[in-house]
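No value in this document is a laboratory result; all are computed from the given coordinates. Remember, it's a predicted structure, so these values are computed and weren't measured experimentally. A quick note on method: Cβ atoms are made from the backbone with ideal geometry, for glycine too, and the neighbour counts reach across all protein chains shown.
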Amino acid sequence: MRRFLVAVSILAFAASAASADAISDRQALMKERGKIVGTLAKMTKGELPFEAAEVKNALQALQANAERFDADALFPAGTETGGETTVSPKVWEDMTGFKAAEDKYLANVKAANATPADDLDTLKTQLGTVGGDCAACHKAFRIKKG
């Protein structure tokens, strides 16, 4: 009986650690994404100078980030609660819709990356599309802080 309890405790700890890893992994991925988009947004606002080479680098980084997104690994069952997370339960209730939103985002990031903006107006259009994808996903699948 003692061995059984030890085994159950070990499994419970491992599951808890896996959940914490998934939460921290998805938060890190989203923070990285936000930082990249933030740099592009600063260019569109004139807070940073427009530089085509920097736009290209940022779009490549954004695509690499989006390609690392794996909903099944980052949002496994059991990570709806625990830790400090703003993910809505709707992610698990509508995983198909959640994945479709991410697929749309990835497609738009790839399209922007295929023809990186060489002027500010093009960047504004591209960022409007990609940012719109972010906003739509946050509206549907994230709990607003505060």
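With r defined as the distance between the Cβ atoms of Ala114 and Thr81 and R0 fixed at 41 Å, what FRET efficiency is calculated, to the nearest 0.05? With R0 = 41 Å, the Cβ-Cβ based efficiency is 0.55. If the chain linking Ala135 and Ala71 were pulled fully straight, counting 0.36 nm for each residue of separation and taking away their Cα-Cα distance, it would gain 21.3 nm. Distances between placed amide hydrogens fall under 5 Å for Leu48 paired with Met43, all partners being 5 or more residues away or on another chain. Listed by chain and number, the lysines placed with their C-alpha closer than 29 angstrom to that of Lys56 are Lys31, Lys35, Lys42, Lys45, Lys99, Lys104, Lys110, Lys124, Lys139; residues fewer than eight positions away on the same chain are left out.
Loop-resident trypsin sites (Lys or Arg not before Pro) (DSSP state other than H, G, I, E or B) in segment 106-146 with no more than 15 further Cβ atoms inside 10 Å of their Cβ: Lys144, Lys145. For Val87, the residues whose amide H sits under 5 Å from its own are Ile143, ignoring neighbours fewer than 5 places away on the same chain, with H placed 1.01 Å from N. Size estimate for segment 2-141 follows the Kirkwood approach: the inverse of mean 1/r over distinct Cα pairs works out to 16.7 Å.
What FRET efficiency comes out for the pair Asp94/Ala41, r = Cβ-Cβ distance, R0 = 25 Å, nearest 0.05? Plugging the Cβ-Cβ distance into 1/(1 + (r/R0)^6) gives 0.35.
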